[in-house]
Amino acid sequence: MDNHTCALREERIEDTLERLKKDAPDHIKRFDETGDILELDRAFELIQKALQLIPEDHTDFNWWLGILAEYHQARAEQTNSLEDLDEAILVGHRSVDSAPEDDEELPIRLHNLGFAYQSRFDLSHTPEDLDRAISFSKRSVLLTAEDDTDVSVVVKIIGLAFHKRFELTGSLTDLDEAIAYTQRSVDRTVDDDADLPTRLNDLGWSFECRFERTRNVADLAESIAMYQRAIELIPDDNEDLPQWLNNVASSLRARFEHIGELADINEAISFAQRAVDLTPLCDVNLPTLLSTLGLALQSRSERTGDLADSTKAILLATTAVELTPAGHADLPACLNNLGLSFNRRFHCTGNVTDLTEAITFGGRAVELAPEDDTELPIMLSNLGAAFTSRFEHTGDAANLDSAISFGERAVRLSPEGDPDLAHRLGDLGTAFRYRFKCTENLEDLAEAIAVHRRALQRTPEGGTSIPMQLNDLALVLNDRYDYTDSVADLAEAISCCEKAVQLTPDDQEELPSYLHTLSTSLLSRFVRRGPVTDYTNAVASAQRAVDLAPVGHPRLPTLLGSLGEVIRSQVRFTGNLVDLARAIAVERKALELSLDSDFPTRPNLLVRLRSSLLLRFHITGNIADLVEAISLNEKAVELTPQGHPDLPNWLYHLGQLLYTSWLACQDDPDRLEACLSAFKSAAVAKGGLPRARLYAAGHWAGLQYDHCPHSSEVMTAFDFAVELVSLVAGLEKTVGHRINQLREYRGIPLKAAAAACSLARPDRAVEWLERGRCLVWGHISHLRTPTDQLELEHPDLARSLAELSKQLENAGSSRPEIHIDMALSEKISLEKEARGHMRLVQKWDNLIGTIQALPGFEQFLTPLPYSSLMQHLPDSGFVVIVNLDDGRCDAIALSFNLEDPIHIALPDFSREKCLEYKRSLSAQLSFHQLHARGSEGDSNDYLLSRSIRPHGKEKRERGTICTILRSLWEEVVKPIVEALNIPKSDPTSPQHLPRIWWCPTGVLSFLPIHAAGIYSSSVGSVSIHDYAVSSYTPSVTTLTELVRTTRSPKNLRALSGILLTSQPNAPGVPPITGTTREVRSISSLARERGVRVRKLEGDDAISIDEYLKDMECYSSLHLACHASQNAVDPLQSRFIFHNGSLDLGTIIRKKFENADLAFLSACETSTGEDTSTNEAVHLAAGMLAAGYRRVVATMWAIGDSQAVDVAHDFYSYLWRERNVSEGEFDGSDSAYALHHAVLQLRQRLDMDSEKALLAWIPYVHFGY
């Protein structure tokens, strides 16, 4: 072919391409206008023809690639075909990659490629497609002139892409970019552009989304402005108008919910109604529009109280549900809105039927919603809140389990950064709080506090919900204060309330509630002996709450009742009848404003007025007030459903009122019977608070015993009471908390034992004392119970039990107190520790239940019956429990050789006498300064003592010590010795004397029973030393455990030995140089007898942790140092070293597997506190709990130089030749050794003088 022919052919090709270049886009354009797919097919034929004709190096090749990409994009939009989008992207890349940077078509091709990626994301939801869409579109904008009309289109597409990525990732940065680009698109769009309304609507949507994340009202204002401007630009027949009207209605309702302007909700209803009116019945969007209108009407109803709005809202929501077909994606949301409408009407009317409907429809919504539905957390939260509301109005605690389950799921499904998460956490915390009030399960209380702290942490600084979060946290902190008496919790609660009030304007309807919480908190602190300003501020806050609550405010009756209670609290101190009359008037008004059916408000108001009338009766004696008080309390009981946590409390107070009435007219036995019935009903109530039930059980048992002593109900009542004592001091509490709780109930087991003795059931007396007295050491013992049989039969369970026991001991030993100045993160961390402790308890309970279900293990770790206790008593001697109650004193002697206990009544002894003896003894100890081991320089050797508590001198009564010891002998010990037929023996031959283990209760624990006797040279001396060798045991169970768990000899040779410690010059306390001589003397004696020994003196710089490790390497321990007994917190009682202190809390966390004997040559190591529980919480008992089998301790100060001699004589006897074999020894003769050492000291002193008595009496022996 010649050149001319070639030229003609190329010319024809160019002509054809020009024609194709014109026709192909025309067909695509006609497709855009008509939607006729045939036009696309024709365009594709032309594009294919052109690409067959044109070489790749042709200047128009990239143009044709771009057209091909547009074809595939257009076809994909018609067919939703991923294959076409893949081709559009593939061709688009070829077009972009081969185009030079100065190609004027490159910006549009980049835009098209970005749009193709965005379209493919819409189908595939692949995040990378969205990232590429944004990247190519942004590149397109950079290459496009700012005045180019196409810029507004491209930036609009970028804005949409960023918004989609925000919905995918939740990144606020993406949303900010979406707003910026969409705003740029709007700014570059002329007013007559047909696309402007759409861009305005998109911009309003992005602002609304940002408001939902940040709660910044400025975004909401922008959203409303954009929506309204868009609506103004489109005609009424535009198909998008109803949806856009719905959008602006939603934003206006959101602003109303946020700032409360009534004009906003009215306008929202107007827009929503217009949207509904413009939408035909067959439109698929109508249910959504109806729901929006219904929610707006419901919001207005809550504000105005107009029930017509509420009823119409429910009708609209019902219609929306009916119009939505089964299986439709919007059905769950419509059901949720219907449930929410019923719930909101319930809060206006109190009609529980509405609440039932709310739960029904909310439950259906949750069932139908897929797990990935973004609205599911909202639905779950609404449903949980409805269950909580139903509990509030029915008292059925099962509702709380559902509320917590749905609430936890709502929180778990909420994405990070969800602005509603704090609100959901608050609702969940409230449900946990209510469940705690039903069960007193500390795990629920810990969860409630932790969840409320997290809600506060998740609320942004300046957020409008902060006051509500602070108030909710204050409520639950107040609950914990009521339960634990933690002043730190009360202080933090008050601080939270004050902040909530400060942050809330006077016109906010929640402010009265916040003031009410503040008033209640301040009143609690005032009652605890807070400053008078607390009371003044409490009254002012309560009055302000009433003044701010408008007539018809749903909480006005509660606020009035609270004001009356605050006023009444002062009258308790002043007796001012004028103030009391004001309180009664306010409380009567509160009752008048509440409906007869209004539960739970009305019962609380009834009992508040009852309390005021009862107080006036006590002041004036007007019987009419008492009669009305009884009537009000009976009405409260009648209105409160069975199982409600308040019912036992109301019944308990009814019992008190009826007893008061019976005392006023004792000729009416029916009143006493009614009183006992009320207390019994409270004690046996299901679902009530254990503490309230315990109070009632104590009164039921006590009154039954006092007035009907031979009734079979006496034993039943005390059984309930003692069981409840152990329930309220469970493993979920720290040891310190157990001690504080048991102080309040310490009289119940003593009275129960007294009743059992009076009914000739000393065996039950022993069981009740063991169950109700020994809960501090008892729980520790349970956690350390040997599991030999379990290990043989079920080794996996035994290992799990051992591991869980160790974890529980660590968790329950102690925990730092949360204080008000702590950072929120620190508080959250400590609350997390507390929750971990509760979960361990739950695991423990489940594991014990599993073990007890096994054959042969049914009684595993259950309270031992009397018969089981008897099996592990020492094979000789007696265990003597001395029970001291207000009404009587009894001794119960136990012996391995006797099947039944020996009951010994002690009619000549009483609690009053015991208290008098204790006061006299304390005065003598103070006079002689016997609370500190003094220095060598002191002129009176018996004043050289080893404790650090300072005491002032009191008036000395001559002969007091002798009188006390004589009285103890004649009134307590002698009757016991005679009843047991123990003959008098030679005290200088202790091995011939029997053993007695004394187990005193109550105040008797502070008196030296082991020294009871007559010490007089004129009439002849006689004492317990002539009859027995005395030891003490904190409880019978403690002793039987020591007998049962005899040490294996396998480690005896390796660990047998003694660790000696002297601390003569510890900082901050007087020097006690005798301690050095003491341990050196013992060390020399040990080496002489071949006993393995390690001696540590104060100058040896050893830490407490190192010392504890040394203790594990020796079977015996001798501590010569200062000691301190802590009256407020017994766990802080401690031994004082040069390098720190070894406290009781640390000791009981240890478990010394091979420990045998501890000699505590310090002061007050066996001294408890009279505010303590009915068990010995002191250093000696702590050493037993840590694993030592016997402990020598002191009741008060010991002489510094005399301590040297006592210790030397003690070990000389213990290590006499036949007791030490190849360096091995044990402390089984330690009680006899101490008896011998004390006798030697007595012989060196003037045996009849008080000075001598005070020198040797403090030495005591504990354990086996």
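The values are calculated or read from the model by the stated rules, or taken from the named source; none is laboratory data. Given the structure is predicted, the values throughout are model-derived calculations rather than measurements. Positions of Cβ are backbone-derived with ideal geometry, glycine not excepted, and every protein chain shown enters the neighbour counts. What goes into the accessible areas is simple: the full protein's heavy atoms, side chains included, and nothing from ligands, DNA or RNA. Shrake-Rupley method; radii C 1.70, N 1.55, O 1.52, S 1.80 Å.
Answer yes if at least one residue in the range 446-456 is among the charged types (D, E, K, R) and more than 15 Å from ALA493 (Cβ to Cβ), and no otherwise.
Keep residues of the range 446-456 that are among the charged types (D, E, K, R), which gives 447, 453-454.
From the residues that got through so far, the ones that are more than 15 Å from ALA493 (Cβ to Cβ) too are 447, 454.
Yes; the residues of the range 446-456 include at least one that is among the charged types (D, E, K, R) and more than 15 Å from ALA493 (Cβ to Cβ).
Pairs, please: C-beta under 7 Å, at least 6 apart or cross-chain, first residue under 11 Å from TYR71 (Cα atoms) and without any contact (Cβ under 8 Å) to a residue 60 or more places away in the chain and in the range 26-40, second open to solvent by 50 Å² or more (accessible area, probe 1.4 Å) and among the acidic types (Asp, Glu)?
Within 7 Å, the pairs are ILE28/GLU70.
Filter the range 1106-1142 down to residues that are at pLDDT 90 or above and part of a helix (DSSP H, G or I), then give me how many there are.
6
Give the range 397-449 a look and list any residue that's among the aliphatic types (A, V, I, L, M) and under 10 Å from VAL476 (Cα atoms), or say none. Outline the logic, then answer.
Narrowing the range 397-449 to residues among the aliphatic types (A, V, I, L, M): 397-398, 400, 403-404, 410-411, 413, 421-422, 425, 428, 431, 442, 445-446, 448-449.
Hits for the range 397-449 are LEU445, ALA446, ALA448, ILE449.
Which helices (runs of 4 or more DSSP H) sit wholly inside the range 950-1049 and have at least 3 residues that are at pLDDT below 95? Please lay out each step first, then the result.
On the way: elements: 960-968, 974-979, 1036-1044.
Counting at least 3 such residues, we get 960-968, 1036-1044.
Pick from the range 286-310 the residues that are within 23 Å of GLU232 (Cα to Cα) and out of contact with any Pro (no Cβ under 7 Å at 6 or more places or on another chain): which of them is most open to solvent (accessible area, probe 1.4 Å)? Steps first, please.
If we filter the range 286-310 for residues that are within 23 Å of GLU232 (Cα to Cα), which is where we start, we get 286, 288-290, 292-293, 296.
Next, from what is left, pick out any that are out of contact with any Pro (no Cβ under 7 Å at 6 or more places or on another chain): 286, 288, 290, 292-293, 296.
Values: LEU286: 8, THR288: 48, LEU290: 12, THR292: 18, LEU293: 1, ALA296: 2 Å².
In this case the residue turns out to be THR288.
Condition test on SER270, is it open to solvent by 20 Å² or more (accessible area, probe 1.4 Å), among the hydroxyl-bearing types (Ser, Thr, Tyr) and either part of a helix (DSSP H, G or I) or more than 20 Å from ALA230 (Cβ to Cβ) (or both)?
Details: open to solvent by 20 Å² or more (accessible area, probe 1.4 Å): yes; among the hydroxyl-bearing types (Ser, Thr, Tyr): yes; either part of a helix (DSSP H, G or I) or more than 20 Å from ALA230 (Cβ to Cβ) (or both): yes.
Answer is yes for this residue.
Can you tell me which residue in the range 97-127 is surrounded by the most Cβ atoms within 10 Å (Cβ to Cβ), limited to those that are in a helix (DSSP H, G or I) and among the acidic types (Asp, Glu)?
To start, the set of residues in the range 97-127 that are in a helix (DSSP H, G or I) comprises 97, 106-124, 127.
Checking the rest, the ones that are also among the acidic types (Asp, Glu) come to 97, 122.
Working: ASP97: 10, ASP122: 14.
Taking the candidates together, the pick is ASP122.
Here are some conditions: (1) open to solvent by 30 Å² or more (accessible area, probe 1.4 Å); (2) within 23 Å of GLY170 (Cα to Cα); (3) touching an Asp or Glu at 6+ places or on another chain (Cβ under 8 Å). ARG433 meets all but one. Which one does it not meet?
Result: ARG433 passes all but (2).
Say we look at the range 1150-1192 and pick out the residues that are among the aliphatic types (A, V, I, L, M) and open to solvent by 10 Å² or more (accessible area, probe 1.4 Å); which of these is modelled with the lowest pLDDT? First the steps, then the outcome.
Residues of the range 1150-1192 among the aliphatic types (A, V, I, L, M): 1155, 1157-1158, 1160, 1162, 1176-1177, 1179-1181, 1183-1186, 1191-1192.
Pick out the ones that are also open to solvent by 10 Å² or more (accessible area, probe 1.4 Å) and you get 1176, 1184-1185.
On the way: ALA1176: 55, LEU1184: 86, ALA1185: 81.
So, considering only residues that are among the aliphatic types (A, V, I, L, M) and open to solvent by 10 Å² or more (accessible area, probe 1.4 Å), the one modelled with the lowest pLDDT is ALA1176.
Quick one: which of VAL578, VAL539 is outside any loop (DSSP other than H, G, I, E, B), touching a Ser or Thr at 6+ places or on another chain (Cβ under 8 Å) and either more than 30 Å from ASN351 (Cα to Cα) or without any contact (Cβ under 8 Å) to a residue 40 or more places away in the chain (or both)? Break it down stepwise before answering.
On the way: VAL578 fails: touching a Ser or Thr at 6+ places or on another chain (Cβ under 8 Å).
Sole residue among the options that is outside any loop (DSSP other than H, G, I, E, B), touching a Ser or Thr at 6+ places or on another chain (Cβ under 8 Å) and either more than 30 Å from ASN351 (Cα to Cα) or without any contact (Cβ under 8 Å) to a residue 40 or more places away in the chain (or both): VAL539.
Restricting to the range 161-188, count the residues that are at negative phi and part of a loop (DSSP other than H, G, I, E, B).
Taking the range 161-188 as the starting set, the residues that turn out to be at negative phi are 161-169, 171-188.
Now narrow it down to the ones that are part of a loop (DSSP other than H, G, I, E, B): 171, 188.
Within the range 161-188, residues that are at negative phi and part of a loop (DSSP other than H, G, I, E, B) number 2.
Restricting the search to the range 123-156, which residues are among the β-branched types (Val, Ile, Thr) and in contact with a Ser or Thr (Cβ under 8 Å, 6 or more places away or on another chain)?
Within the range 123-156, the subset among the β-branched types (Val, Ile, Thr) is 126, 134, 141, 144, 149, 151, 153-155.
Of everything in the range 123-156, those that are among the β-branched types (Val, Ile, Thr) and in contact with a Ser or Thr (Cβ under 8 Å, 6 or more places away or on another chain) turn out to be VAL151, VAL153, VAL154, VAL155.
Quick check: is even one residue across the range 395-415 in contact with a helix residue (DSSP H, G or I) (Cβ under 9 Å, 6 or more places away or on another chain), surrounded by fewer than 19 Cβ atoms within 10 Å (Cβ to Cβ), in contact (Cβ under 8 Å) with a residue 60 or more places away in the chain and in a helix (DSSP H, G or I)?
no
For residues that are open to solvent by 60 Å² or more (accessible area, probe 1.4 Å) and not in a helix (DSSP H, G or I), tally how many sit in the range 612-670.
4
Within the range 1088-1144, which residues are among the β-branched types (Val, Ile, Thr) and either crowded, with 20+ Cβ neighbours inside 10 Å or in contact with a helix residue (DSSP H, G or I) (Cβ under 9 Å, 6 or more places away or on another chain) (or both)?
To start, the set of residues in the range 1088-1144 that are among the β-branched types (Val, Ile, Thr) comprises 1091, 1093, 1102, 1104, 1128, 1136.
Scanning the range 1088-1144 gives VAL1091, VAL1093, ILE1102, ILE1104, ILE1136.
Taking the condition of being more than 49 Å from the chain's Cα centre (by Cα), crowded, with 20+ Cβ neighbours inside 10 Å and in contact (Cβ under 8 Å) with a residue 60 or more places away in the chain, how many residues in the range 1193-1231 meet it?
4
State whether one or more residues within the range 522-529 are charged (D, E, K, R), open to solvent by less than 10 Å² (accessible area, probe 1.4 Å) and in contact with a helix residue (DSSP H, G or I) (Cβ under 9 Å, 6 or more places away or on another chain).
Looking for residues that are charged (D, E, K, R), open to solvent by less than 10 Å² (accessible area, probe 1.4 Å) and in contact with a helix residue (DSSP H, G or I) (Cβ under 9 Å, 6 or more places away or on another chain), one finds none in the range 522-529, hence no.
With respect to THR558, is the statement that it is open to solvent by 20 Å² or more (accessible area, probe 1.4 Å), among the β-branched types (Val, Ile, Thr), part of a helix (DSSP H, G or I) and under 29 Å from PHE346 (Cα atoms) true? Steps first, please.
Numbers: open to solvent by 20 Å² or more (accessible area, probe 1.4 Å): yes; among the β-branched types (Val, Ile, Thr): yes; part of a helix (DSSP H, G or I): yes; under 29 Å from PHE346 (Cα atoms): yes.
It is true that THR558 is open to solvent by 20 Å² or more (accessible area, probe 1.4 Å), among the β-branched types (Val, Ile, Thr), part of a helix (DSSP H, G or I) and under 29 Å from PHE346 (Cα atoms).
Can you find a residue in the range 454-466 that is buried (at least 24 other Cβ atoms within 10 Å of the Cβ), modelled with pLDDT under 90 and out of contact with any Gly (no Cβ under 6 Å at 6 or more places or on another chain)?
Within the range 454-466 (the criterion being buried (at least 24 other Cβ atoms within 10 Å of the Cβ), modelled with pLDDT under 90 and out of contact with any Gly (no Cβ under 6 Å at 6 or more places or on another chain)), the answer is no, since none of the residues qualifies.
Of all residues in the range 235-259, how many are under 15 Å from ARG215 (Cβ atoms) and either touching a Leu at 6+ places or on another chain (Cβ under 8 Å) or not in a helix (DSSP H, G or I) (or both)?
The total comes to 6.
When ASP900 is evaluated against the numbered criteria (1) more than 46 Å from the chain's Cα centre (by Cα); (2) of a type outside the set (Phe, Trp, Tyr); (3) at pLDDT 50 or above; (4) not in a helix (DSSP H, G or I), which criterion, by number, is the only one it fails?
Here ASP900 clears every test but (1).
Using beta carbons and a limit of 8 Å, which pairs, at least six apart or on different chains, have the first residue in the range 139-151 and more than 16 Å from SER185 (Cβ to Cβ) and touching a residue at least 24 places away in the same chain (Cβ under 8 Å) and the second one of a type in the set (D, E, K, R) and open to solvent by 20 Å² or more (accessible area, probe 1.4 Å)?
LEU143/GLU101
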